[in-house]
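The block underneath contains the structure these notes are about, expressed in structure tokens.
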Amino acid sequence: MEKEEILDIGLSLNNENVTHLIKWWESKRLSYNLILIVVEIMVLVANWRGTLNMGIPLAIFYCILYNSVANAFYTIGWGIELWIKYYFPSFNLGKNTRLFLLIAGIFLSILVTYSWITVEISYSMGLNQKWE
């Protein structure tokens, strides 16, 4: 008999625990996206000259691209939890641990957002060139 894979019977979407887990993460997604958008707007406004140099349409494109990638990584959050439940069924992430992972992920996303947009703006302003 073959070993069942991760998405087989043990973790079917009909399983109440799995459904609850996914619903918990997905109920926080809107807040996550709003936080990222606010940080992006703050960085773009704080570096307004660089934003204008880069061009507003390009800045918007980069923000949309970044948010798409950030949301893919957000999905990995509950994906990792499903993986843990499959391979370590007796291990249960409590509400506090799950909330800690969410907050840590938000802070990491803010840091990456700030860094990424700041680097893009500095490149558009020519600040990446060596000082002579």
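Measuring from a point 7 Å past the Cα of residue 56 along Cα-to-C-beta, which residues in the stretch 87-119 have an amide N at less than 20 Å?
It comes to 117-118, nothing else.
Give me 28, 23 sorted ascending by neighbouring Cβ count inside 10 Å, so fewest comes first.
Numbers: 28 18, 23 11.
In increasing order of surrounding Cβ atoms, one gets 23, 28.
Just rank 116, 83, 48, 78, fewest to most, by other beta-carbon atoms within 10 angstrom.
Numbers: 116 17, 83 13, 48 10, 78 20.
Arranged by neighbour count, lowest to highest, 116, 83, 48, 78 become 48, 83, 116, 78.
If you add up the charges near residue 25, with Lys and Arg at +1 and Asp and Glu at -1, over every other residue whose beta carbon is less than 15 angstrom from its beta carbon, what do you get? Show your work: numbers first, answer last.
Details: positive: 23, 28, 29, 85, 95, 98; negative: 26, 81.
Here the charged neighbours net out to +4.
What FRET efficiency comes out for residue 26 versus residue 90 if R0 is 25 angstrom and r is the Cβ-Cβ distance? Round to the nearest 0.05.
Details: r = 25 Å, r/R0 = 1.01.
Calculated transfer efficiency: 0.50.
Where a number appears in this text, it was derived from the coordinates with a stated rule and is not lab data. Being a predicted model, the structure only gives us computed values, none of them experimental. Reconstructed Cβ throughout: ideal geometry from the backbone, glycine too, with neighbour counts over all protein chains shown.
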